[in-house]
Amino acid sequence: MSPSDATADAVSAPAPDVGTGTCPAPAGDGIAEGAARSTGRSTDREDTLDLRLPDEFLALFDTGQPRSDDTDTGPDSGTGHKGWQQSWGDSTAPASTITPADGDLLDGVAEWGPITTQVGVFQLVPVRVERDLPLVCRWMNDPAVSAFWELAGPQNVTEDHLRSQPADDGRSVPCLGVLEGVPMSYWEIYRADLDPLARHYPARPHDTGIHLLIGAVTHRGRGLGSTLLRAVADLVLDRRSACARVVAEPDLRNIPSVTAFLNAGFRFSAEVDLPAKRAALMIRDRSLRDLL
């Protein structure tokens, strides 16, 4: 297997999405570690109390979208795709997420829209718990994923993780990655400068972090990881004019994951000690996006 093929799916990032980093990546189709654990977002809620913004301020970010419809059906129990596509594809269904006031601090991820990549049309669709929980939970219980994200178990484990992010004032938006109409990956787009991660590196205002895991087994080992990472990093820079850098923090020992970020135009910046791992700080600079 070529280096690019081996690293294509090893993407997820720090320890919220791009877990922990205590386990090395599984051989072959490794899914990079989830970042929530290493940054402490999920395990130490007191870390972010000083970052909470008043409701009056958050109201300024209200996108005016309708709230989610709790009656939407979840993913089809057979393929995991049919029921999801029917729900999302319904033009009458709200496109809302679980973020507060239907807004976020990331310039409206829900409104970023689809992008065309060399592997097909791709879109980040903010998670709707009532619709997407069974699918995300199934991915989290994949041994290759749970080794880094540590979210294996009953649905309430995954649900608590998903719902904890809106409680952080919209600084992190969990999304499904939808490729050619099929949900095949899980992403977290987050404000790295407002995250505990900022305590461990010289953060700049509006630094935006990425966590990613390739959830569908059929999409692993196909070289998709680096392609989608580059596309999403470009999307962040295109949609967030105030953001000059996209960052990620894969486990330093996870060579496939680090290589995937390098292949996606990120540069290795430094080694950083996070609560649950020693990470490779990866950065995609706006100023260098056309050179890497």
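The values are calculated or read from the model by the stated rules, or taken from the named source; none is laboratory data. Keep in mind that this is a model prediction, so the values were computed, not measured. A quick note on method: Cβ atoms are made from the backbone with ideal geometry, for glycine too, and the neighbour counts reach across all protein chains shown.
Within segment 276-292, the set of residues being surrounded by 17 or more Cβ atoms within 10 Å (Cβ to Cβ) and over 25 Å from D107 (Cβ atoms) comprises A276, K277, A279, A280.
Results for (1) in contact with a Leu (Cβ under 9 Å, 6 or more places away or on another chain); (2) surrounded by fewer than 23 Cβ atoms within 10 Å (Cβ to Cβ); (3) more than 30 Å from G223 (Cβ to Cβ), shown as yes or no for each residue.
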{"residue": "T158", "(1), (2), (3)": "yes, no, no"}
{"residue": "Q165", "(1), (2), (3)": "no, no, no"}
{"residue": "D169", "(1), (2), (3)": "yes, no, yes"}
{"residue": "C175", "(1), (2), (3)": "yes, no, no"}
{"residue": "L179", "(1), (2), (3)": "yes, yes, no"}
{"residue": "I189", "(1), (2), (3)": "yes, no, no"}
{"residue": "H200", "(1), (2), (3)": "yes, yes, yes"}
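One residue stands out in segment 246-275 among those that are touching a Leu at 6+ places or on another chain (Cβ under 9 Å), surrounded by fewer than 24 Cβ atoms within 10 Å (Cβ to Cβ) and among the charged types (D, E, K, R): the one that is farthest from L194 (Cα to Cα), namely R267.
For segment 198-207, the condition holds for no residue, the condition being that it is under 18 Å from S226 (Cα atoms) and of a type in the set (S, T, Y).
The single condition from (1) modelled with pLDDT under 95; (2) surrounded by 22 or more Cβ atoms within 10 Å (Cβ to Cβ); (3) among the hydroxyl-bearing types (S, T, Y) that S146 fails is (2).
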